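Before any comments, here is the structure.
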């Protein structure tokens, strides 16, 4: 596993740290030059993360783990995406949802999750074409 030192101006309490590098097997739509990212936890509860480009730390996507907000979210990952990830076992996969903060609500993109192979640190943003998953699903924290 490779690591990369990243300086995080995002929060005052964070300084230079070493985080595992996540390599995108295919670039995210609209960002062809960015394939190396780190996942930075932004709160103690593990509810919010920044998926941050190593090559341009100003490029970051706010992401959340779906299980914290959506009970029944378990999309079928296409074989093409699994091939890009190295055909991992299901228990080795992690999923993150890109969120958009709006004036009245924050929404998650359920149609295009970022799927991460936790063993080899390869990732891909999967567009679930043909699914009925919404691009903007309002976030509601589950009570635990």
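Here are the numbers:
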{"quantity": "Identity of the residue in segment 80-91, touching a residue at least 24 places away in the same chain (Cβ under 8 Å) and part of a helix (DSSP H, G or I), that ends up farthest from residue 22 (Cα to Cα)", "calculated": "81"}
{"quantity": "Test: residue in segment 74-83 that is within 23 Å of residue 43 (Cα to Cα) and either surrounded by fewer than 17 Cβ atoms within 10 Å (Cβ to Cβ) or in contact with a helix residue (DSSP H, G or I) (Cβ under 8 Å, 6 or more places away or on another chain) (or both)", "calculated": "no"}
{"quantity": "Boolean, residue 87 is within 18 Å of residue 106 (Cα to Cα) and modelled with pLDDT of 90 or more", "calculated": "no"}
{"quantity": "Filter pass, residue 60 being under 20 Å from residue 120 (Cα atoms) and surrounded by fewer than 19 Cβ atoms within 10 Å (Cβ to Cβ)", "calculated": "no"}
{"quantity": "Some residue of segment 107-124 being more than 22 Å from residue 32 (Cα to Cα), touching a helix residue (DSSP H, G or I) at 6+ places or on another chain (Cβ under 6 Å) and part of a loop (DSSP other than H, G, I, E, B)", "calculated": "yes"}
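The values are calculated or read from the model by the stated rules, or taken from the named source; none is laboratory data. All values derive from a computational prediction rather than experimental measurement. Counting neighbours? That spans all protein chains shown, and the Cβs are built from the backbone with ideal geometry, glycine included.
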